[in-house]
Amino acid sequence: MNQPVITVQDLNLWYGQSQALRSVSIQIPDRAITALIGPSGCGKSTFLKTLDRMNDLIPSVRVEGQVLYQGQDIFQTDVNQLRREIGMVFQKPNPFPMSIYDNVAYGPRTHGTRDKKTLDQLVERALRDAAIWDEVKDRLKKNALSLSGGQQQRLCIARALAVQPRVLLMDEPTSALDPISTSRIEDLVLSLKEHYAIVMVTHNMQQALRVSDQTAFFLLGELIEFGETGTLFSQPRDKRTEDYITGRFG
Amino acid sequence: MMMTSSPRRPLVPLVRVLSLLAAGLTALLTLFLIGYILLQGLPHLSWELVSTSPSYISQRVGILPDLLNTLYITLTTLLFVLPLGVGAAVYLTEYASSRRLAGAIEYAAEALAGIPSIIYGLVGMLLFSNTLGTSLMAGALTLVIMNLPTIMRNTQESLKTVPQSYREGAFGLGAGKWRVIRTVVLPNCLEGVVTGCILSVGRILGESAALLFTAGFAHTANDFFTALSSPGATLTVALYVYAKEQGEFGAAFAIAAILMLLALAINLLATLSAKFFQRRNAS
Ligand SMILES: Nc1ncnc2c1ncn2[C@@H]1O[C@H](COP(=O)(O)OP(=O)(O)OP(=O)(O)O)[C@@H](O)[C@H]1O
Ligand SMILES: [Mg+2]
């Protein structure tokens, strides 16, 4: 396993009175794909959103424990800088209602890139990396909402890549997509792991098997098992993991 | 269930006839009113009327000052009420951490909207006319208070319709709060701001009671800044003065016709802007 880029120690999280994460400890490896699986409501999204502090937007959330990004406590660092380095792709494609170009340029502009030429280059590279350049290169000025769902999701990935993050968090990025778009995104994710650490929530066991290097199984806010994907699926150590991956519940 | 088995069936034709009658009467009244005012007013409408000031010496009635005053007061009011109302709405929906405080302010705004305008006039007179003198500025500030709830509520409603996913997307890229609001939230609630503006302009054009107290009756044509510090009548106030105090019914009806055309124009504008935003949202 590669060097961990994110280290989580004893993470507890509450929404008001109800606890959603219980003493989670995990190390996210660099340049690898980590899949998060588990039944609905077990805290996968909550965990993912803790890593780039998107939970800060919810007033009732209380967090205990430690999350280190490259050795730094994420709760002590500048949140905007943190989110620049840890990008997020959401379950439902959420392009801004502006042009394709402006969507991708949004991040770089946010962080101070003004030069037209630099922006052009960043936008093209991000769109190429997200495997959507050929489909949109002739209509960069068109509204992003005119794209198909699968294209919108790849655009959102491009938008996240344009700020040159280290880590990419993806919350069920293909659950709203058709099979062809899904397999394009899977290929894309596989090609991205050369440069990024990727954490991906998925409900699809096949998908976890196809793309991920490590898999983490959550249940009721607890991390039950974490290990190399092939091993976890073929020889689960915990009975509950076995029940889940063989489809006995969830 | 089949309608034919309903025992209330015999009432249906009666209800239909009654509602048809009501609708017809409403349409008739509206058309009569519009027609009457235009018939009475348009013959008196002339280039001379709208391009000159009134003069006792040459016994001339001219409404240029009133037109200018109306324009000035509308612009000034919007200039103040827009940033205030939009700012308040943004604060309440995007920043306010205390739901209770936000709720209290929203409730106050709601109550403010229901107060008769003559009370605004009374308060405006005490607050603004007594300090700034009876002037267009005092009138405009009174109108600002009157229209604040309109702008605020419309903007707020619009802010609430901006999908949370836009905000998350922008925050997720490392944008700060103000940047998210400026680049993603506000551009998508333009519709509410524009709607509020149109409603406010309609209200400003139609307001007389509050302005009688605060802005006065003068019919002098001034430039913008002089006008703000001088008393002046708007079209509606001038209408009142000409009809009630000077018996100049020709001028009064001419003004009425202008106001009505403006009201129709504002209605049209509202419809057009709604269409425009509908199309924009669909694309
Ligand atoms: N904003 C919130 N306020 C209160 N409770 C929440 C909130 N978001 C999630 N929860 C609760 O926290 C728990 C974990 O939710 P989470 O969304 O992380 O689950 P998940 O594993 O992502 O589920 P799914 O597979 O359905 O997406 C659930 O019990 C949920 O009801
Ligand atoms: Mg989820």
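The values are calculated or read from the model by the stated rules, or taken from the named source; none is laboratory data. Keep in mind the model is a prediction, meaning the values are calculated, not measured. Cβ coordinates were reconstructed from backbone atoms using ideal geometry, including for glycine residues, and neighbour counts include every protein chain displayed. The accessibility values were calculated without ligands, DNA or RNA, using every heavy atom of the protein model including side chains. Shrake-Rupley method; radii C 1.70, N 1.55, O 1.52, S 1.80 Å.
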Protein accessible area in region B:185-270, 1.4 Å probe - carbon and sulfur %: 70 percent
Listed by chain and number, the residues whose amide H is under 5 Å from that of A:Met88, excluding neighbours fewer than 5 places away on the same chain and using placed H, are A:Leu169
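In chain A, once you exclude exposed chymotrypsin sites (Phe, Trp or Tyr not before Pro) (DSSP loop, at most 16 other Cβ within 10 angstrom), what's the longest stretch remaining? Display every interim value, and only then the final one.
Numbers: sites that count: A:Phe75, A:Phe249.
Result, exposed sites excluded: A:76-248.
Students often get this wrong, so check it: of A:Lys193/B:Lys177; B:Lys177/B:Lys275; A:Lys44/A:Lys239; A:Lys44/B:Lys160, which have C-alpha atoms separated by over 25 Å?
On the way: A:Lys193/B:Lys177 31 Å; B:Lys177/B:Lys275 31 Å; A:Lys44/A:Lys239 20 Å; A:Lys44/B:Lys160 28 Å.
Pairs exceeding the cut-off: A:Lys193/B:Lys177; B:Lys177/B:Lys275; A:Lys44/B:Lys160.
In what sequence, largest accessible area first, do B:Cys197, A:Cys42 appear using a 1.4 Å probe? Each step should come with its number before you reach the end.
Numbers: B:Cys197 25, A:Cys42 5 Å².
The residues order as B:Cys197, A:Cys42, largest area first.
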State, in square angstrom and to the nearest 100, the accessible area buried between chains A and B, both chains counted, probe radius 1.4 Å. 1600 Å²
At a 1.4 Å probe, what is the % contribution of carbon and sulfur to the accessible area of region A:4-245? 46 percent
Theoretical ellipticity at 222 nm over chain A - DSSP helices of four or more residues, -39500 (n - 2.57) apiece, nearest 500: -10500 deg cm²/dmol
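Please go through region A:11-87 and write out the trypsin sites (Lys or Arg not before Pro) that DSSP classes as loop and that have at most 16 other C-beta atoms within 10 Å.
Numbers: sites: A:Arg22, A:Arg31, A:Lys44, A:Lys49, A:Arg53, A:Arg62, A:Arg83, A:Arg84; in loops: A:Arg31, A:Arg53.
Of the trypsin sites (Lys or Arg not before Pro), the ones in loops of region A:11-87 whose Cβ has at most 16 other Cβ atoms within 10 Å are A:Arg31.
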Computed for chain A: size of charge dipole around the Cα centre, +1 on C-beta of each Lys and Arg, -1 on C-beta of each Asp and Glu, debye to nearest 20, value 640 debye
Which value in nm describes the separation of the simple spin-label points at A:Leu220 and A:Leu190, placed 7 Å from the Cα toward the beta carbon? 3.7 nm
Taking R0 as 30 Å, what's the FRET efficiency between A:Thr118 and B:Ala96 from their Cβ-Cβ distance, rounded to 0.05? 0.20
What is the dipole size for the protein assembly as shown, taken about its Cα centre, with +1 at each Lys and Arg Cβ and -1 at each Asp and Glu Cβ, in debye to the nearest 20? 660 debye
State the Cα centre-to-centre distance between region B:14-39 and region A:47-88 in whole Å. 63 Å
Give me the distance between the Cα centres of region A:89-154 and region B:233-252, rounded to whole Å. 59 Å
